[in-house]
Amino acid sequence: MKNIIIIAMMLVATINLKAQNHIKGRVVEQLEDSSETSILGANVYWEGTTIGVATDEQGFYQIPEPESYPATLVVSFVGYQIYTKIIKKWNHYHIILTPSIQQDEVKIKGKVNTTKFSTINTINMQTLTTGELEKAACCNLSESFSTNATVDVTFTDAVSGAKQIQMLGLDGIYTQITQENMPLIRGISSAYGLSYVPGTWIESIQIIKGAGSVINGFESLTGQINLEYYKPETAPKLFWNMYTNSEGKIENNLQFAKNNGNWKSNLFTHVSYFDREVDNNRDRFLDMPKVKQFNVLNRWKYVGSKDFRIQIIVRGLVEDRVGGTIENAAIPYVVDIHNDLLEFTSKTGMLQQNSPGKSMGLQTSFRRHNQTVIFGKNDYRGLQESAYLNFIRQTYLGNTNHILKYGISYYADRYTENLNGTDYNRTDLMTGIFSEYSYKWRESFNLVAGIRADYYNNTEEMNYLPRLNMKYNPTEQTAIRLSAGRAFRVANVFVENASFLASKRQITIGNLNPEMAWNYGTNITHKFRMFGREGTINADAYRTVFENQIVVDVENQGELSFYNLDGESYANSMQFDLAYELFDRFDIKLAYKINDVHTTYNGEDKVAPLTPKNRALVNMAYATNFDKWKFDVTWNYIGKSRIPTHQLINKEFSTSFYLINAQMTKKFRKFDVYLGGENLLSEIQENPILMANNPSDELFDASLIYAPVMGRVIYAGLRYKIK
């Protein structure tokens, strides 16, 4: 696990009784200003052996020559990508390590791809870098995928301003969302948690499709989205970002980094403010709620010992959203949403200096999240108190081509919930053990096989979750992957479906069981050169099959029912991506996706509602010399989706539509200025709020949303950095 499990390979050089030559060199990291900083304690060893050394304070190393050439030299260090190089002769080798957030080796030839499809990783992973995130406003995590086709972003309702994601055709609740491989969005944060992570805090996002690692938990039904915050080593000393848009919203981000001494630190702060009444469609409802949010995160990393590493993160957030009808409306409808969150996480890694490939680490997380959601007469109040522990041990079997990871995890969640005066309280205790075996055969085949066993207190059952990922490289430019795995999760139906509270539906809830599903997938990634320019083709197909699912039934007008699946439920997803540099500094990305999602509603098989079957994306990016000017345009096609039956809707399917976003950026020596627009065609849903003129009527519903509720928005911003 990147930047979590401390990979300790402090190796003792093998003593040869007769004199021998040494391979010598230095291990460094290259900074943004092209200067280099030495890396102390990096592990340098010959692959498949226990012969190795550690770098000194200046990053220098010398390792005995291998028994024969060619041999593979491996360099690893906590927080950096593992480096491998085939050595064919004696020489001095100067090695530059890349931070581990960059999952694929990048050969720099004047430019670096901002979206990367890896041919190295065993799992199907796509990485979005800072450059990709800066192509759009990216005010928070929910807006970080506007130039990406893998993750779809939609509005949940017409009154709260909240957004949700979908992946492999299913809602984001089935995707494990983590921060540096620690729990981020789960439980009560499911409804609005995507807006709790400002985009400027994020250095990269890794998107994993299908069965992920058992080490990260049991909840990954369709995949994992893992975000990496800026580290003290890579963050600017000072970063300031100011954003405003044509509707009057203001955001301010101020970040600091301390990169000297044994304790390194980041401080992230965020303030967003929007206090205008905007009713462009004149339905007497605010198009967006008034929002006030204050958010702060402080990270501390201890690097003063060769024997262990410590990282601590403290985060606090307060947010208020007020929406509903405009002031002095004849029949008022109040939307009042409050969230306050306090979280503490830590990572501790122990180094075993005499054992290559062996390490151990402990992850902990403690959270208190209080939430109040009022939609008219629907009143929800929830409190989540959580603790998470994950202990991981890594070793090797025979040599470092056979890696074994194992450990134990513990989740404790206490929910105190009340909906319209009825208490729904429960305590979830989940104790799990896991083991994962990784095998590498030469440079062409990788296998990762793992299994978890998790005991859930409320069902008193042990849940067994096997997962398998395989990768084969027929050439260096091509990777073929297969994956299969089982996962489960415990639903929190009120917060996960808070959007449906913005209606007059009567709620019924059954005796719900945990959700369980299998995911199968295949992927092929091919990197090519045509007319002297680089390109990437990526194609994959995945199928998710539910053994049990909590069916969210809005098929009957005026009713909202939650019950266990009785029948089939599955999601098939196919996607094709093409990325290519058409000419100097002009890149184009094309993507097309088909989602076929079916669920059984009271014995009847139906296409899942509000889920487009077809989607397409075109992204064009151009930069002048030295990136002085950057221009980005993204075109999205969203196909039709099925609309649940409602008396005021006279069609079964929505109409397809297009979304166009664009941005231009001017870079100066220490700051950037950007100007952009979202939804430039001003595509909005007709009558997003049903019976808006009388919210007390039984036909009132603001939850059947399939298109934007806001028209064209123009924005501008400033980024200032002191490296």
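The values are calculated or read from the model by the stated rules, or taken from the named source; none is laboratory data. Computed from a prediction, not measured in an experiment: that's the story for all the values here. No Cβ is skipped: glycine too gets one built from the backbone with ideal geometry, and neighbour counts run over all protein chains shown.
Looking only at strands (runs of 3 or more DSSP E) that lie completely in region 414-485, which have at least 2 residues being of a type in the set (Lys, Arg)? Full working, then the answer.
Values: elements: 422-441, 445-456, 461-475.
Of the strands (runs of 3 or more DSSP E) lying wholly inside region 414-485, those with at least 2 residues that are of a type in the set (Lys, Arg) span 422-441, 461-475.
Taking only region 515-530 into account, find how many residues are crowded, with 22+ Cβ neighbours inside 10 Å and either closer than 18 Å to residue 173 by Cα or at pLDDT below 95 (or both).
Counting residues in region 515-530 that are crowded, with 22+ Cβ neighbours inside 10 Å and either closer than 18 Å to residue 173 by Cα or at pLDDT below 95 (or both) gives 3.
Checking the conditions here, which among 350, 430, 360 is touching a residue at least 24 places away in the same chain (Cβ under 8 Å), farther than 30 Å from residue 324 by Cβ and under 24 Å from the mean Cα position of the chain (by Cα)? Write out each step before concluding.
Numbers: 350 fails: under 24 Å from the mean Cα position of the chain (by Cα); 360 fails: under 24 Å from the mean Cα position of the chain (by Cα).
Sole residue among the options that is touching a residue at least 24 places away in the same chain (Cβ under 8 Å), farther than 30 Å from residue 324 by Cβ and under 24 Å from the mean Cα position of the chain (by Cα): 430.
Identify, please: which residue in region 271-314 is of a type in the set (D, E, K, R) and touching a Phe, Trp or Tyr at 6+ places or on another chain (Cβ under 8 Å) and is, among those, nearest to residue 700 (Cα to Cα)? Show your work before the answer.
Of all residues in region 271-314, those of a type in the set (D, E, K, R) come to 275-277, 279, 282-284, 287, 290, 292, 299, 301, 306-307, 309.
Cutting the leftovers down to touching a Phe, Trp or Tyr at 6+ places or on another chain (Cβ under 8 Å) gives us 279, 290, 292, 299, 301, 309.
Details: 279: 18, 290: 22, 292: 27, 299: 46, 301: 52, 309: 56 Å.
Taking the candidates together, the pick is 279.
Are there any strands (runs of 3 or more DSSP E) wholly within region 657-723 with 1 or more residues that are under 15 Å from residue 281 (Cβ atoms) and within 27 Å of the chain's Cα centre (by Cα), and if so which?
Per the criteria, 713-722.
Among the residues of region 625-677, write down those that are surrounded by fewer than 17 Cβ atoms within 10 Å (Cβ to Cβ) and acidic (Asp, Glu).
Correct list: 627, 652.
For region 503-519, give me each residue that is in a strand (DSSP E or B) and hydrophobic (A, V, I, L, M, F, W, C).
Matches in region 503-519: 507, 509, 516, 517, 518.
For region 437-450, state whether one or more residues are among the charged types (D, E, K, R) and at pLDDT 95 or above.
Checked against the condition, which is being among the charged types (D, E, K, R) and at pLDDT 95 or above, region 437-450 yields no hits at all.
Answer yes if at least one residue in region 548-564 is part of a strand (DSSP E or B) and without any contact (Cβ under 8 Å) to a residue 24 or more places away in the chain, and no otherwise.
There is no residue in region 548-564 that is part of a strand (DSSP E or B) and without any contact (Cβ under 8 Å) to a residue 24 or more places away in the chain.
Suppose we filter 463, 446, 457 for residues that are surrounded by fewer than 16 Cβ atoms within 10 Å (Cβ to Cβ) and either touching a strand residue (DSSP E or B) at 6+ places or on another chain (Cβ under 8 Å) or over 21 Å from residue 208 (Cβ atoms) (or both); which single one remains?
None of the other options fit; the residue is 457.
Can you say whether residue 566 is modelled with pLDDT of 95 or more, over 30 Å from residue 625 (Cβ atoms) and surrounded by fewer than 17 Cβ atoms within 10 Å (Cβ to Cβ), as far as the supplied structure shows?
yes
If residue 535 passes every condition in (1) touching a residue at least 60 places away in the same chain (Cβ under 8 Å); (2) within 28 Å of the chain's Cα centre (by Cα) but one, which one does it miss?
Going through (1) touching a residue at least 60 places away in the same chain (Cβ under 8 Å); (2) within 28 Å of the chain's Cα centre (by Cα) one by one, residue 535 breaks only (1).
Inspect all residues belonging to region 668-677 and state whether any of them is hydrophobic (A, V, I, L, M, F, W, C), within 15 Å of residue 159 (Cα to Cα) and assigned by TED's automatic domain parsing to the domain that holds residue 629.
Checking region 668-677: not a single residue is hydrophobic (A, V, I, L, M, F, W, C), within 15 Å of residue 159 (Cα to Cα) and assigned by TED's automatic domain parsing to the domain that holds residue 629.
Which of the following residues is surrounded by fewer than 20 Cβ atoms within 10 Å (Cβ to Cβ), in contact with a Lys or Arg (Cβ under 7 Å, 6 or more places away or on another chain) and charged (D, E, K, R): 343, 385?
385
Identify, please: which residue in region 25-42 is in a strand (DSSP E or B) and among the hydrophobic types (A, V, I, L, M, F, W, C) and is, among those, modelled with the highest pLDDT?
Residue satisfying both the conditions and the ranking: 27.
Can you tell me which residues in region 572-586 are in a loop (DSSP other than H, G, I, E, B) and in contact (Cβ under 8 Å) with a residue 24 or more places away in the chain?
585
With (1) buried (at least 17 other Cβ atoms within 10 Å of the Cβ); (2) more than 25 Å from the chain's Cα centre (by Cα); (3) not basic (Lys, Arg) as the list, and residue 270 as the residue in question, which single condition is left unmet?
(2)
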